[in-house]
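> Encoded as structure tokens, here's the structure I'll be asking about.
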Amino acid sequence: FEALVAMPEYLYPIRASPLLGPVYNGKTTEKKKRKTYSHELAETCSQTDRVFQDKSSLLKLTFKDYTYPNPLQLTVKVKAEDLIDACRDMAREHIERRILFFFQQLIICYQTKLHFECIGASDQAKSVDAIAINFRGKISKLVRNAAHSSTTPRLIAYDQKQWEDFKAGNRQKPEGFVFLEGTDYYRTQQATINLIRCFNEADREIDEKWRDSCLRKKGEELLNLASQGKITPDQGISTFIKEAIIEVKKSISRLLQLKNRKNTPEVIRILHDYNIFFREIRVVDLLEMIERKT
């Protein structure tokens, strides 16, 4: 990226290339068309469900027709809060990764002088199979989703000058490219954790589900400020954590007024945990941890 920042002016506009990423075709990617990474091949740092001892991804290569046993006894009644509490350690890791992944993005986007748009993810690891549980005395299906840990998993990059001309009404929207698609950075941003579905619903509450739930939009704004050198990565991550706490609190307040919606108590319980996890991580601790690893 030093080479990108020092690029001679006659080489602009910055455009799609084998190194920077392919042209973005502007189409919305539907979930059913997403590229699916394999847990077995460790293509991303995606994690399968270790809470309910799911072995489907480990056995699939060897036992094609194997019927996977239910790891929970159907004679034992479970409650929603028990399931959420069982996933609490993975949920904490999910939030830690959300912060670390965004910090990585701030560093990579810093002073690139590009404009970024965040769109929906197009890649993910496979979700684990549903299992049967005895939910409050009734045999029910427990669905688990591959939840993206990144707030802004897929970035579309544009030449800054062309973007400014477009916003000024002087040209059509410029051609963008999928930023660093296919790189290790990109695969990290697509990483998921298999959690029960209500965790995915909690993520959507703070990221994108409502007009006033806009952590993803705020993340996009921070990445653009970093790209122009107006904030440093450490300033960006500090602001990101503060904004995440604000969005979590707003989501809880909103949901408390929608008590009849399905899974609302469970999602509120998860969001309360998210609030605790975001507060546990301080920027100083984050930077110290990175220093120790480097």
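> Taking amide hydrogens as modeled 1.01 Å from N in the peptide plane, which residues meet the under 5 Å criterion relative to Q47, leaving out close sequence neighbours?
T192, I193, N194
> Which residues' amide hydrogens lie under 5 Å from the amide hydrogen of I119, considering only partners 5 or more residues apart or on another chain, with H built in the peptide plane?
R154, I156
> A follow-up question, please. Rounded to the nearest 0.05, what FRET efficiency do K167 and V143 give with R0 = 45 Å and r taken as the Cβ-Cβ distance? Could you check?
On the way: r = 42 Å, r/R0 = 0.93.
The formula returns an efficiency of 0.60 here.
> Sort Y185, Y274 by accessible area with a 1.4 Å probe, largest first.
Numbers: Y185 20, Y274 0 Å².
Descending order: Y185, Y274.
> Can I ask one more? When the Cα centres of segment 98-152 and segment 154-175 are compared, how far apart do they sit, in Å?
Computed from Cα coordinates, the inter-centre distance equals 28 Å.
> What FRET efficiency would be calculated for the residue pair L258, Q111, taking the C-beta separation as r and a Förster radius of 45 Å, to the nearest 0.05? Please report the intermediate quantities before stating the final value.
Numbers: r = 43 Å, r/R0 = 0.95.
That pair, L258 with Q111, gives E of 0.60.
> Sticking with the crude label model, points 7 Å out along Cα→Cβ, report the distance from E280 to F135 in nm, one decimal please.
2.6 nm
> Also, I was wondering about something else. Taking amide H positions as placed 1.01 Å from N in the peptide plane, with prolines and chain starts having none, which residues 5 or more places from I131, or on another chain, fall under 5 Å of its amide H?
Under 5 Å from the amide H of I131: L142.
The values are calculated or read from the model by the stated rules, or taken from the named source; none is laboratory data. In this text, all values refer to a predicted model and were calculated from it rather than measured experimentally. FYI the Cβ positions are ideal-geometry reconstructions off the backbone, even for glycines, and counts take in every protein chain you see. Please note that ligands, DNA and RNA were not included when accessible areas were found on the heavy atoms of the full protein model with its side chains. Shrake-Rupley method; radii C 1.70, N 1.55, O 1.52, S 1.80 Å.
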